[in-house]
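Enquirer: The structure's right below; bear with me while I get my questions together.
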Amino acid sequence: METKLADFIRDTADGREADAILRKCVHCGFCTATCPTYQLLGDELDGPRGRIYQIKRVLEGVPATPSVREHLDRCLTCRACETTCPSGVQYSRLLDIGRAEVVKQVPRSAAQQATRRALQFSLSNPAVFGTLLALGRTLRNILPSRIAAKIPARAEAGAWPRGKKHDRRMLALAGCVQPALTPATNAATARVLDALGIELFEAPSAGCCGALAFHLDDEAGARQAARRNIDAWWPHIENDVEAIVMTASGCGVQVKDYGHLLRDDAAYAVKAERIAALCRDISEVVAAEYESLLPRLQRQARERVAFHSPCTLQHGQKIRGLIESSLEAAGYTLTKVRDPHLCCGSAGTYSVLQPALSTQLRDNKLAALTENEPAVIVTANVGCQTHLAGGSAVPVKHWIELLDAAL
Ligand code: SF4
Ligand code: SF4
């Protein structure tokens, strides 16, 4: 696509990146067919090709409008369009650049900004979020049903392996909401890795990966979160930790992008690249240990499982098939799931900021997941897990819990 970027952006790093991305797009529209918001709304402006066109116009100097901002805000950043695109257009990078410029030109109202800052503060701070969740559970019976449905019951973590030390060590990210919402995930991961002769531990001073801040218009906050995590992890990296394990694919896609996020930070750029290179989704770690894992699995016939692959796993990290293989090796029967490329509507804080679209996508996803009568639904990201569980009669778990049960 031919471009003529305006003076305000043409010679900046963002301008050069946006220009290169826009030039790759041949406007074919293949991506539109797999876009969840286009499927729901049927408006070209709510599909990737239309959004690319709107961003192009703004970067070429046509003033942004509240309508453009709304069309960009409705995007889930699911990146299904990137998977479909035959030209390799990095849509999500373009969206980040375009959305930042549009919000600069058409600022959000004070109330919208306050909502975003409140979400960022409460969700990215584990102590605050844990307190709010405990309060919500206590008051569940008097809360509106719409809000009560979003509060999951208390879950038991199960024991972390104690006393056993292994030469092989890996770091885990505790995350921000995961310790309170789904504490079983990292405990089950620690037990699985322990069985494989790997010690898993968390660095207490690490925190939110920064994805929340990044997607709530606070890129500086996202960079600060990345620097804090790098500082927390670096002494362990120097002490021969093999990998930094992510059990939430939403965090994984963010940490794998630390090199790009901090590319202009002289003090952190090299460290950020190294951290990103050491970051592994737990499915990648398990797959690399297959030879040692397979003899340990008690491979009797197990329950029927429907797997929902989060967008941050299949489109963001391009990890496909690993979890399915691990579960089948452990004796689980995977049920067929229609439209596996489509987002469940969780998408970070999307379920709060775009509740109608998010609920419609969740209901569609649950219908597809339960069509072939699974006993359990599994996924690989805390956001998808709690979002789906909020509307599901079938239990929803992290897939590693099932592998843990098979060992
Ligand atoms: S982003 Fe890719 S698939 Fe979509 S219109 Fe452009 S070239 Fe075609
Ligand atoms: S990221 Fe997802 S919602 Fe956004 S344009 Fe692409 S396919 Fe559509």
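The values are calculated or read from the model by the stated rules, or taken from the named source; none is laboratory data. Since the model is a prediction, treat every value here as computed from it, not as a measurement. Cβ sites come from the backbone with ideal geometry, for glycine too, and all protein chains shown count toward neighbours. Only protein heavy atoms, including side chains, enter the accessible area calculation; ligands, DNA and RNA are left aside. Shrake-Rupley method; radii C 1.70, N 1.55, O 1.52, S 1.80 Å.
Enquirer: Are any residues in region 345-361 assigned to a helix (DSSP H, G or I), farther than 18 Å from Ala248 by Cβ and of a type outside the set (Ser, Thr, Tyr), and if so, which ones?
Expert: Matches in region 345-361: Leu353, Pro355, Ala356, Leu357, Gln360, Leu361.
Enquirer: What pairs come up if the first residue lies in region 98-118 and is within 18 Å of Leu72 (Cα to Cα), the second is outside any helix (DSSP H, G or I) and aliphatic (A, V, I, L, M), and their beta carbons are under 6 Å apart, counting only those six or more places apart or on different chains?
Expert: Here the result reads Val102/Ala64; Gln105/Ala64; Val106/Ala64; Arg116/Leu216, each pair linking region 98-118 to a residue that is outside any helix (DSSP H, G or I) and aliphatic (A, V, I, L, M).
Enquirer: Follow-up. What pairs come up if the first residue lies in region 25-37 and is over 14 Å from Tyr91 (Cα atoms), the second is within 11 Å of ligand 2 (Cβ to nearest atom) and open to solvent by less than 30 Å² (accessible area, probe 1.4 Å), and their beta carbons are under 6 Å apart, counting only those six or more places apart or on different chains?
Expert: Pro36/Leu342; Pro36/Cys343; Pro36/Leu361; Thr37/Asp46
Enquirer: Hey, among the residues in region 7-38 that are of a type in the set (S, T, N, Q) and out of contact with any Gly (no Cβ under 9 Å at 6 or more places or on another chain), which one's farthest from ligand 2 (Cβ to nearest atom)? Give the derivation first.
Expert: Initial filter on region 7-38 (of a type in the set (S, T, N, Q)): 12, 32, 34, 37.
If we keep only those that are out of contact with any Gly (no Cβ under 9 Å at 6 or more places or on another chain) too, we end up with 12, 34.
Values: Thr12: 24, Thr34: 6 Å.
Among those that are of a type in the set (S, T, N, Q) and out of contact with any Gly (no Cβ under 9 Å at 6 or more places or on another chain), it is Thr12.
Enquirer: Do you know which residues across region 52-74 are within 15 Å of ligand 1 (Cβ to nearest atom), out of contact with any helix residue (DSSP H, G or I) (no Cβ under 6 Å at 6 or more places or on another chain) and open to solvent by less than 30 Å² (accessible area, probe 1.4 Å)?
Expert: Across region 52-74, the qualifying residue is only Ile52.
Enquirer: Moving to a separate point now. Which numbered condition in (1) open to solvent by 50 Å² or more (accessible area, probe 1.4 Å); (2) touching a residue at least 12 places away in the same chain (Cβ under 8 Å); (3) under 26 Å from the mean Cα position of the chain (by Cα) is the only one that Gly42 fails?
Expert: The failed condition is (2).
Enquirer: Moving on to the next point. Can you tell me which residues in region 11-39 are acidic (Asp, Glu), surrounded by 16 or more Cβ atoms within 10 Å (Cβ to Cβ) and either modelled with pLDDT under 95 or more than 25 Å from the chain's Cα centre (by Cα) (or both)? If you could, list the steps in order and put the result at the bottom.
Expert: Quick first cut of region 11-39, residues acidic (Asp, Glu) only: 11, 14, 17, 19.
Next, from what is left, pick out any that are surrounded by 16 or more Cβ atoms within 10 Å (Cβ to Cβ): 14, 17, 19.
Result: Asp19, single match.
Enquirer: Counting only residues that are open to solvent by less than 20 Å² (accessible area, probe 1.4 Å) and under 30 Å from Ser124 (Cα atoms), which one in region 315-329 is nearest to the chain's Cα centre (by Cα)?
Expert: Among those that are open to solvent by less than 20 Å² (accessible area, probe 1.4 Å) and under 30 Å from Ser124 (Cα atoms), it is Gly316.
Enquirer: Same structure again: Anything in region 330-341 that is assigned to a loop (DSSP other than H, G, I, E, B) and surrounded by fewer than 21 Cβ atoms within 10 Å (Cβ to Cβ)? List them, or say none. Before the answer, list the steps.
Expert: If we filter region 330-341 for residues that are assigned to a loop (DSSP other than H, G, I, E, B), which is where we start, we get 330-332, 335-341.
Once the filter is applied, which keeps residues that are assigned to a loop (DSSP other than H, G, I, E, B) and surrounded by fewer than 21 Cβ atoms within 10 Å (Cβ to Cβ), region 330-341 yields Gly331, Thr335, Lys336, Val337, Arg338, Asp339, Pro340, His341.
Enquirer: In addition: Which pairs do you get when a residue that is free of Cβ contacts under 8 Å to residues at least 12 places away in the same chain, found in region 247-275, comes within reach of a residue that is open to solvent by less than 10 Å² (accessible area, probe 1.4 Å), reach meaning Cβ atoms under 7 angstrom, with the pair 6+ apart or on two chains?
Expert: Ala269/Leu262
Enquirer: State yes or no: is Leu5 open to solvent by less than 60 Å² (accessible area, probe 1.4 Å), outside any helix (DSSP H, G or I) and either within 11 Å of ligand 1 (Cβ to nearest atom) or not β-branched (Val, Ile, Thr) (or both)? Quick ask: steps written out before the conclusion?
Expert: Details: open to solvent by less than 60 Å² (accessible area, probe 1.4 Å): yes; outside any helix (DSSP H, G or I): yes; either within 11 Å of ligand 1 (Cβ to nearest atom) or not β-branched (Val, Ile, Thr) (or both): yes.
When the stated conditions are applied, Leu5 passes them.
Enquirer: Now for a separate question. Sort through Val245, Val285, Val305, Val241 and tell me the only one that's open to solvent by less than 20 Å² (accessible area, probe 1.4 Å) and in a loop (DSSP other than H, G, I, E, B). Talk me through it step by step, then tell me what you get.
Expert: Details: Val245 fails: in a loop (DSSP other than H, G, I, E, B); Val285 fails: in a loop (DSSP other than H, G, I, E, B); Val305 fails: in a loop (DSSP other than H, G, I, E, B).
Only one candidate passes the filter, namely Val241.
Enquirer: What are the pairs with Cβ atoms under 9 angstrom where one residue, in region 192-218, is without any contact (Cβ under 8 Å) to a residue 40 or more places away in the chain and the other, located anywhere, is of a type in the set (Asp, Glu) and outside any loop (DSSP other than H, G, I, E, B)? Sequence gap at least six, or different chains.
Expert: Correct list of pairs: Ser205/Asp231; Ala206/Asp231.
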